[in-house]
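The values are calculated or read from the model by the stated rules, or taken from the named source; none is laboratory data. As the structure is a computational prediction, the values presented were derived from the model and not from experiment. Neighbour counts are summed over all protein chains in view; Cβ atoms, including those assigned to glycine, are modelled from backbone coordinates with ideal geometry. Accessible surface areas use protein heavy atoms only, side chains included; no ligands, DNA or RNA. Shrake-Rupley method; radii C 1.70, N 1.55, O 1.52, S 1.80 Å.
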Amino acid sequence: MCEIFHKFIMGLRDFLKDYFLGFWDYETPKVMVVKNKTLGVIYRSVQCLVITYFIWYVFISQKAYQESETRPESSVYTLMKGTAVHGDDILDTVEYARPSEGGDVISTILRREVTYDQKQGTCAEHFKVANANCTRDSDCVQGEVDFNGHGRRTGRCVQYYNHTFKTCEIQTWCPIEEYAVIREPALVEAINFTVFIRNSIHFPRFKVLRGNIKDATQKRNIRKYLNKCQYNEEKEPYCPNFRLGYIADQANEKFSELCRTGGVIGVFINWYCNLDLDPSNCKPTYSFRRLDLRKDQASAGYYFRFAKYYSREGVESRTLIKAYGIRLDVIVHGHAGKFSPIPTIISTVTAMTSIGICTIICDWIMLTFIDKNEVYSDRKFDEVIKEPTASIPTELSFIHSYGSNLSDLSDGVPL
């Protein structure tokens, strides 16, 4: 047992000694010319791929020579414009826009479901509410509130309006919406409504402030321009007026379907500015996409409720309106870049050092697939303990005194 332990200690000592002495060894690469066409083609091809990647993708596409800013300061102002005829009524922005002058979110009412003349009182609960159907008063618990229902139960079982069956009586705004609602036709004229979107963006690092409205020397001229123009990506890129029909088309949505269910559409304003060029080239691009999920048809679309209150014969009453419409969420993205020597130097050094991967790949191919007789490996790795006084020629290589060892292995070497 003691002998085994002694051998273990001696082996551990020798290992630590060799590791310590080897730690102070110096390794230097040796140049060895291998005249193998296959290996040469692979080497130059990998070099070409690495250089092409850095020139085309890193420097030209990603502009790695620039200092960039991706979190600009932005402000958005929106305004809905348009007038529609709805029966005998004339609707303006106060009627259908929420809010009439908004920030980065604005909605437009396209269709309404109206419940007129609701008053506080008691009436029958809707029959689709859980445990609302009854045959006698004992089926209804007094004071119980179903949060999926419409109000507080009185404990009575009453006839469901003019039907033959009965439901529990509740205290709420009567009549309930599901029974007395009136569905109005869609506001199809809204397809020509326009939304005015004013956006200003500031890149504080570069002290650059830009807007999405065309500059003009006189305010009168810009007002005339804004009253007449419609956005067009090629002809009018600085016009901030967008038709709702155009927005729906760009988002690949049918306007008639939006009138039926409503929907949320994102208006993306993208600023990609190369500040090495003239500032006039820093202009926005727009994209549109439906944001709300449509997989769950029960909750698909966009709608909201609001009420108009009034007093009739001293009794507070209200008109409940369930409004379906389009909600526009304006989302701004910004990226600005400008030449800077620091990222240029870092990217250049990275490109130069990455070319070294070509040598690693070719060495691996040479030693793994080509060097069957270990001819290359014998010449690639040398261990020099003492510096020789004179060069010793061999039959496969010749060592020159240039300061580095140079070996020339041609195709004549048997593999």
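The table that follows gives values for the structure above.
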| item | result |
| --- | --- |
| Spread of Cα-to-Cα distances over 5 Å intervals beginning at zero, given as percent, for the stretch 241-283 | 5, 18, 21, 14, 10, 10, 10, 6, 4, 1 |
| Carbon + sulfur, % of accessible area of the stretch 126-175 - ligands and nucleic acids excluded, 1.4 Å | 47 percent |
| Assigned charges on the beta-carbon of Lys, Arg, Asp, Glu; the chain dipole about Cα centre (debye) | 1560 debye |
| Sites residue 342 and residue 319, calculated FRET efficiency, Cβ-Cβ separation with R0 60 Å, nearest 0.05 | 0.40 |
| Dipole-positive endmost among 185, 85, 203 within the chain (Cβ charges, Cα centre) | 85 |
| Inter-label distance for residue 57 and residue 133, nm, one decimal - labels placed 7 Å from Cα along Cα-to-Cβ | 6.5 nm |
| Rounded Å value of the spacing that divides the Cα centres of the stretch 157-177 and the stretch 266-309 | 43 Å |
| Net dipole in debye of the stretch 1-62 [+1 Lys, Arg Cβ; -1 Asp, Glu Cβ; about Cα centre; nearest 20] | 380 debye |
| Of 43, 21, 4, farthest towards positive along the dipole that unit charges on Lys, Arg, Asp, Glu beta carbons give the stretch 1-45 | 43 |
| Spin-label model distance (nm) - residue 75 vs residue 229, 7 Å beyond Cα toward Cβ | 2.0 nm |
| The stretch 126-175: C-alpha pair distances exceeding 16 Å, % | 27 percent |
| Filter on 254/308; 128/308; 224/338; 254/283; 228/322; 235/283 - keep pairs with C-alpha separation over 25 Å | 254/308; 128/308; 224/338; 254/283; 228/322 |
| Nitroxide proxy distance, nm - points 7 Å out along Cα→Cβ at residue 331 and residue 178 | 3.5 nm |
| Cα-centre dipole for the stretch 126-175 with unit charges at Cβ (Lys and Arg positive, Asp and Glu negative), debye to 20 | 80 debye |
| Loop-located chymotrypsin sites (Phe, Trp or Tyr not before Pro) in the stretch 296-381 whose Cβ has at most 13 other Cβ within 10 Å (DSSP) | 381 |
| Euclidean distance between Cα centres, the stretch 190-208 to the stretch 21-44, Å | 58 Å |
| Acute angle (nearest 10 degrees) that the helix 341-354 long axis makes with the longest principal axis of the chain, alpha-carbon atoms | 60 degrees |
| In order through the stretch 83-88: 3J(HN,Hα) via Karplus (6.51 cos²θ - 1.76 cosθ + 1.60), integer Hz, x for Gly, Pro | 9, 10, 9, 10, x, 9 |
| Gain upon complete extension [residue 375, residue 84; 0.36 nm per residue less C-alpha separation] | 95.8 nm |
| Trypsin sites (Lys or Arg not before Pro) lying in DSSP loop within the stretch 277-378, provided at most 10 other Cβ fall within 10 Å | 295, 372 |
| Lysines with Cα under 18 Å of residue 35, excluding same-chain neighbours fewer than 8 positions away | 372, 380 |
| R0 of 51 Å, Cβ-Cβ distance residue 24-residue 290: FRET efficiency to nearest 0.05 | 0.15 |
| Fully extended contour minus Cα-Cα distance, from residue 45 to residue 188, at 0.36 nm per residue | 45.3 nm |
| Kirkwood-based Rg to Rh ratio, the chain, C-alpha trace | 1.30 |
| Cα-derived Rg to Rh of the stretch 257-369, Kirkwood definition | 1.40 |
| DSSP-defined beta bridges in the chain - what % are antiparallel, rounded to 5 | 80 percent |
